[in-house]
Amino acid sequence: MSDKVIDIPATARLRLDGEALVANWRALDDMSGAASTGAAIKANAYGLGAVEVVRRLQSAGCRDFYVANWQEAREIEASVEEGTRISVLNGVRPDDMQYAMGSLAKPVLNSVEQVYRWQETGLPCDLMINSGMNRLGINPADIEQYDWNGLDIDIVMSHLASADEDVPQNADQLNQFDSVLQYVSGKRASLSNSAGIALGQAYHFDCTRPGLSLYGGKQRPELSAAIKQVVFPETQILQVRELQVGDKVGYNAKYTAERDHPIAILAMGYADGYLRGFSNTGLFLRGQTKLPVLGRVSMDLIAIDISGASDLGESDWVTAQYDLPTASRQSGLSQYELITGLGNRYSRYWV
Ligand SMILES: *Cc1c(COP(=O)(O)O)cnc(C)c1O
């Protein structure tokens, strides 16, 4: 018996457009004006692959990366060059201290307890201010009371809750953040995520932290023109069949043929993050030809109408319509859920 490992090609893959990723970062950097532009790469760079995203954005000039936890920091530490910084947004637990103290990455301190814990080390950190989202962060009242001289603070930051909407909360958070900066200062201040960048110069401070829009998400009209699609899910046809009028498709028979037509069964499903919200509403594409999803999305399978491309057969590839704003409208899922959910059954390849 040969011990050679036989390659089994994946039946679904993510095509990732490296030029679009870099173009999106550059567009956000332009919109950020004088502020420097970092990159949120938590959750494995929103599912694309953190190491590859860091490599590409670092070459383009990005010097600040934001991960959620220390496992994610460790993933990319070997890929960052001198002068590139990593911030760990979820802060530092007692269980993280041993790794964190020897890491290149710095914690974003989110509570007074974390400040006490980290202060002992004398190492650099960032500070998260709660300016009204009430998720992580130190309250303004606590900021005013504490003596910040003992801490080596790089970025003082806060996070916008509703930057994708035109609501008074944006200005309220901006004002709260501004007033806290009188009591604590770091080397730099930062407030804006992707959508926040589009709110204008007052929101930019010294550095911005886009995530979603790097990967093709557009949550405000100002971003529509500049931001390009990066992630293209592709899958293979497993089987083609001919429906007769009255034939039903899939679980609970949510599609019934009103004419005779061919369909294809695809090797992808809700276990791949293509959730049931796409049932009877999603689209696949073959070139410009639209191939609508028929009936319910299954765990590992999807049926599509191939009336428009009846030459398709077993092992041919089709591409999901996955422009994030459009796919979000079709499925009812957020643009964030649409890319972070894509999972591990895909092979990922960069073009
Ligand atoms: C995720 C995150 C970002 C990036 O947000 P997007 O909306 O994806 O641009 C920025 N800052 C913090 C604190 C985050 O958690």
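The values are calculated or read from the model by the stated rules, or taken from the named source; none is laboratory data. Not measured: the values here are computed from a predicted model. Glycine also receives a Cβ, built like all others from the backbone with ideal geometry; neighbour counts cover every protein chain displayed. With ligands, DNA and RNA removed, areas are computed over all heavy atoms of the protein, side chains included. Shrake-Rupley method; radii C 1.70, N 1.55, O 1.52, S 1.80 Å.
Things worth noting here:
- Test: residue in the range 239-246 that is in the same structural domain as Trp317 (by TED's automatic domain parsing), over 21 Å from the mean Cα position of the chain (by Cα) and surrounded by 14 or more Cβ atoms within 10 Å (Cβ to Cβ): yes
Rundown of residues vs (1) touching a residue at least 12 places away in the same chain (Cβ under 8 Å); (2) assigned to a strand (DSSP E or B), yes/no style:
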residue	(1), (2)
Leu199	yes, no
Ser213	yes, no
Gly217	yes, no
Leu223	yes, no
Thr235	yes, yes
Gln239	yes, yes
Gly246	no, no
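- Residue in the range 157-167 that is of a type in the set (Val, Ile, Thr), open to solvent by 20 Å² or more (accessible area, probe 1.4 Å) and farther than 21 Å from Thr37 by Cα present: yes
- Residue list for the range 198-214, restricted to those being over 19 Å from Asp126 (Cα atoms) and near the ligand (Cβ under 8 Å from one of its atoms): Leu212, Ser213, Leu214
- With respect to the conditions (1) more than 28 Å from Leu48 (Cα to Cα); (2) within 16 Å of the ligand (Cβ to nearest atom), Leu191 lacks only one, and its number is (1).
- Number of the exception - Ala253 against (1) within 30 Å of Ala309 (Cα to Cα); (2) without any contact (Cβ under 8 Å) to a residue 24 or more places away in the chain: (2)
- A residue that is assigned to a helix (DSSP H, G or I) and more than 27 Å from the chain's Cα centre (by Cα) occurs nowhere in the range 152-172.
- Going through (1) touching a strand residue (DSSP E or B) at 6+ places or on another chain (Cβ under 7 Å); (2) more than 14 Å from Met128 (Cα to Cα); (3) not hydroxyl-bearing (Ser, Thr, Tyr) one by one, Leu191 falls short only on (2).
- Within the range 27-53, residues that are within 15 Å of Leu14 (Cβ to Cβ) have Cβ atoms under 8 Å from residues that are part of a strand (DSSP E or B) and open to solvent by 10 Å² or more (accessible area, probe 1.4 Å) in these pairs: Leu48/Arg348; Gly49/Arg348; Glu52/Arg348; Glu52/Trp350, counting only partners at least 6 apart in sequence or on another chain.
- Condition check for Lys248: within 15 Å of the ligand (Cβ to nearest atom), among the basic types (Lys, Arg) and at pLDDT 95 or above: no
- Selection from the range 296-337 of residues that are within 16 Å of the ligand (Cβ to nearest atom) and either under 15 Å from Arg15 (Cα atoms) or touching a His at 6+ places or on another chain (Cβ under 9 Å) (or both): Leu324
- The set of residues in the range 173-188 being part of a loop (DSSP other than H, G, I, E, B) and within 16 Å of the ligand (Cβ to nearest atom) consists of Gly186 alone.
- Filtered residues of the range 259-302 (kept if surrounded by fewer than 17 Cβ atoms within 10 Å (Cβ to Cβ), over 20 Å from Lys248 (Cβ atoms) and out of contact with any strand residue (DSSP E or B) (no Cβ under 6 Å at 6 or more places or on another chain)): Ala271, Gly287, Gln288, Thr289
- Within the range 200-207, none of the residues are open to solvent by less than 10 Å² (accessible area, probe 1.4 Å), among the polar types (S, T, N, Q) and modelled with pLDDT of 95 or more.
- Where strands (runs of 3 or more DSSP E) fall entirely within the range 251-317, those with at least 2 residues that are over 26 Å from Gly47 (Cβ atoms) are at 261-266, 289-294.
- Residue within the range 130-143 that is more than 22 Å from Ile41 (Cα to Cα), open to solvent by less than 20 Å² (accessible area, probe 1.4 Å) and within 16 Å of the ligand (Cβ to nearest atom) present: yes
- Within the range 334-351, the set of residues being in a loop (DSSP other than H, G, I, E, B) and buried (at least 19 other Cβ atoms within 10 Å of the Cβ) comprises Leu342, Tyr346.
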